[in-house]
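All remarks here apply to the structure that follows.
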Amino acid sequence: MSATRELFDSLPDAVLQLDGDHRIVAANATASRLTGHSLDHLLGEDCRSLLGPRSRDGHRVWADGWHPSTRLRSVRSMPEQDITIRTASGQDVKTFVAGSYERDDSGQLTGVVLVLREAGRRAHQAASGIEIVSTVSHELRSPLTSVKGYTSLLLNRWGRLRDDQKRMMLEQVNHDADRVTRLVTELLDISRLETGRLMLRPQLVDLPRLAAMVVEKVKLEYPDLEAELSFEDNFPKVYADPDKVEQVLTNLVENACKYASRKGLAVIGETGPGDVVSVTVSDQGEGIPAADLNKVFTKFYRRSEGRPTGSGLGLWISRGLVEAHNGRLVAESNPGQGTSFRFTLPLIEPEELHRP
Ligand code: ATP
Ligand code: MG
């Protein structure tokens, strides 16, 4: 074996060289280990059909050729992307993929060298600054791309678009602008939670009304949502920051829609035991295995790769917001039957509020 080959095989990252038609023309030993395919099996195969590469949002990548930017000769490399591949045993593996393009003298793309790093190898480490920036930029980019796209369309074709088309586009822009605003609010909350500078603006909050409003709002995005609200009669008002409580409830109801089931959702308000009220959002989804149940509250943790967008921040922030109110947020799950997220808020007697 040549020294170069040995070096190639001893690289800790998987390397795949593809020709212009996405066929694998060279691979190192790590690539075999990562994909579970022998070298013989890898060579000559179209990497798209063999490995089924998908992006974070579950879309197949490279389905119609390489990225359009590759037509520019000056584009030499592919920025790192999160790509999930399928191994020989049918398992999904999340990887970080970077690549450099190979071109002939005329600048035509002749192939790509890809480097794949298994994401799990870094997962135990806390998210580094750069990863936070990349997750967040990714989350910001998709709504902004659509805002930009629709506004340009509207501006350029205003006279030729039908009213219903314009309405659809404006609704989308409105929705995406909300998403961006929410993400930015969340980011500000993170830094405030971490530095203990979160400011609450407490008022007397009518939780049954707030919960009904949250469900209506989430319904705009998931029209097939069927949620049953049940709050004890004469439910006491709580002294809390309504925006923050709304944020927590929205995340819980939205998570149930995204990761569980839109049918059979229940939002239940109870009082006690003790001087607290609690709100439980329970779904009838697949549930979360016991081993993962506490992890869902960690920053950037996401179980459902490929499911709709998300940054893995929602529950971490929600717990922080509830704790800032001296409440608790906990989860319980019966795999196969569903998950319940329950948060408590302390009850403060109105008289107490006015005491000096
Ligand atoms: P974000 O809320 O920041 O947009 P996210 O929804 O992915 O992103 P979290 O709300 O923190 O982040 O949820 C973390 C993970 O917990 C989710 O990615 C999902 O895998 C899992 N999860 C949350 N709620 C449920 C649920 N009701 N049923 C099953 N899994 C859930
Ligand atoms: Mg969420």
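May I ask you to evaluate 6.51 cos²θ - 1.76 cosθ + 1.60, the Karplus curve with θ = phi - 60°, for each residue of the range 210-223 and list the ³J(HN,Hα) values in order in whole Hz, giving x for glycine and proline?
4, 5, 5, 5, 4, 4, 4, 5, 5, 4, 4, 8, 10, x
Do you know the relative contact order of the chain, to the nearest whole percent, from alpha carbon pairs under 8 angstrom that are 6+ apart?
Over the chain, the number comes to 12 percent.
Take Ala177 and Arg73, extend 7 Å from each Cα along the Cα→Cβ direction, and tell me the distance between the two endpoints in nm.
4.4 nm
In whole Hz, what ³J(HN,Hα) sequence does the range 161-171 give by Karplus (6.51, -1.76, 1.60; θ = phi - 60°), x for Gly and Pro?
Couplings: 8, 7, 4, 5, 5, 4, 4, 4, 5, 5, 4 Hz.
How far, in nm, would the chain grow between Ala291 and Ser106 when pulled straight, counting 0.36 nm per residue and subtracting the alpha carbon separation?
Separation in residues times 0.36 nm, less the Cα-Cα distance, equals 61.2 nm.
What is the ratio of the Cα radius of gyration of the range 3-119 to 2.2 N^0.38 Å, with N the residue count, to two decimals?
Here the Cα radius of gyration is 1.02 times the empirical estimate.
Between the helical axis of 129-157 and the dominant principal axis of the chain, each derived from Cα atoms, what acute angle in degrees is found, rounded to the nearest 10?
90 degrees
Rounded to the nearest 10 degrees, what's the angle between the helix 242-259 long axis and the longest principal axis of the chain, both from Cα atoms, 0 to 90?
Once rounded, one gets 50 degrees.
Counting residues in the chain as N, plug N into 2.2 N^0.38 Å and put the Cα Rg over that result.
1.21
Which net charge results for the neighbourhood of Arg103, defined as the other residues with beta-carbon distances under 13 angstrom from its beta-carbon, given Lys and Arg at +1 and Asp and Glu at -1?
With Lys, Arg at +1 and Asp, Glu at -1, the neighbours total -1.
Using only DSSP helix segments of four residues or longer, with each worth -39500 (n - 2.57), what per-residue ellipticity at 222 nm results for the chain after dividing by its residue count and rounding to 500?
-12500 deg cm²/dmol
Over the range 3-119, what relative contact order in percent results from Cα pairs under 8 Å that are six or more residues apart?
Rounded, it is 26 percent for the range 3-119.
Distance check, please: which entries in Lys94/Lys217; Lys237/Lys299; Lys258/Lys295; Lys148/Lys263; Lys166/Lys263 exceed 27 angstrom between their Cα atoms?
Where the Cα-Cα span goes over 27 Å, the pairs concerned are Lys94/Lys217; Lys237/Lys299; Lys148/Lys263; Lys166/Lys263.
Give the residue from Ser340, Phe96, Trp66 lying farthest towards the positive end of the charge dipole for the chain; charges sit on Cβ (+1 for Lys and Arg, -1 for Asp and Glu) and the dipole is referred to the Cα centre.
Of the candidates, Trp66 comes out farthest on the positive side.
If you place +1 on the Cβ of every Lys and Arg, -1 on the Cβ of every Asp and Glu, and leave all else neutral, what size is the dipole of the chain about its Cα centre, to the nearest 20 Debye?
Around 920 debye, computed over the chain.
Could you check the simple spin-label distance between Lys263 and Leu144, using points 7 Å along Cα→Cβ, in nm with one decimal?
In this crude spin-label approximation the distance works out to 4.0 nm.
Net charge near Arg201, counting Lys/Arg +1 and Asp/Glu -1 over other residues with Cβ under 9 Å of its Cβ?
Net charge in that neighbourhood comes out at -1.
For a quick protection proxy, order the peptides 52-64, 10-22 by their average other-Cβ count within 10 Å, most packed first.
Listed from highest to lowest mean packing, they are 10-22, 52-64.
With a bin width of 10 angstrom, please list the P(r) values of the range 203-354 as percents of all Cα-Cα pairs, from the 0 bin to the one holding the largest distance.
11, 43, 35, 9, 1, 0
The numbers here are math on the coordinates, done by the rules we state, and not lab data. These figures come from a predicted structure and were not determined experimentally. Please note: Cβ atoms are built from the backbone with ideal geometry, for glycine as well, and neighbour counts cover all protein chains shown.
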